[in-house]
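> Before I ask anything, here is the structure I am working with.
The values are calculated or read from the model by the stated rules, or taken from the named source; none is laboratory data. In this text, all values refer to a predicted model and were calculated from it rather than measured experimentally. Every residue, glycine as well, gets a Cβ built from its backbone with ideal geometry; the counts of neighbours run over all protein chains shown. In case anyone asks, the SASA skips ligands and DNA or RNA and just uses the protein heavy atoms, side chains included. Shrake-Rupley method; radii C 1.70, N 1.55, O 1.52, S 1.80 Å.
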Amino acid sequence: MNIGQASSASGVSQRMIRHYEKIGLVPAPSRRGSGYREYGDADVHRLRFIANARDLGFPIEEIRTLLGLWSDRERSSAEVKALAEARATELGRKARAIEAMRRSLTELIRACHGDSRPDCPIIDRLEAEIEREPSARQSPTSSPQELDGALDEALEETFAASDPPALTVP
């Protein structure tokens, strides 16, 4: 099958298939005489595995590790469980940081009159954050590291693929 068919069968965009090939998560497929990539069922199965791992929040390097464990029939399930537990813990930390940001934003929204007056606590807060040193940024509900780093990492890891999350079934 060609890349379009592999994309449809796996639920992974053609762009991401090429990316996964480039970074070595998916081996380069054979080429037809015309130069087009040729994919088989095993390639589609691997792409689905990767998509499912991404949907569960695993970053690329952990997916690489999971792929190695998946292909190792002598593996210990304890290794897989440890990776999943660590990922779940990290996702919980990121969820708490995002929830703290949501609460802060909700408080600002409640304080804003939302009328024709120019006074706006949301703008005031954003302006205050710009004027302070980055290391002095504070949130009433979480640490600067949680707010500044966790959201960027969570959003980057979650949406880096720019494919909407959707679990695929092998």
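> Suppose the chain between A95 and A28 were pulled fully straight at 0.36 nm per residue; how much longer would it get relative to their current alpha carbon spacing? Kindly include the intermediate steps, with their values, before the conclusion.
Numbers: separation 67, 0.36 × 67 = 24.12 nm, distance 3.59 nm.
Between A95 and A28, full extension yields 20.5 nm more.
> Okay, next question. Show me the GluC sites (Glu not before Pro) within segment 1-98 that DSSP assigns to loop and that have at most 10 other Cβ atoms within 10 Å of their Cβ. Before the final figure, lay out the partial values.
Numbers: sites: E21, E38, E61, E62, E74, E79, E85, E90; in loops: E74.
Here the GluC sites (Glu not before Pro) that fit, given the DSSP loop and packing criteria, are E74.
> Also, quick follow-up: Would you mind computing Rg(Cα) / (2.2 N^0.38 Å) for segment 32-117, counting N as its residues? Provide the component values of the computation, followed by the final result.
Details: Rg = 21.5 Å, N = 86, 2.2 N^0.38 = 12.0 Å.
Scaled against compact globular proteins, the figure is 1.80.
> With all protein chains present, calculate the accessible area of L126 using a 1.4 Å probe and round the result to the nearest 10 Å².
Probe radius 1.4 Å; accessible area of L126 about 100 Å².
> Given all pairs of different Cα atoms, what value in angstroms does the Kirkwood hydrodynamic radius of segment 1-76 take?
On the way: mean 1/r = 0.0780 Å⁻¹.
It is 12.8 Å.
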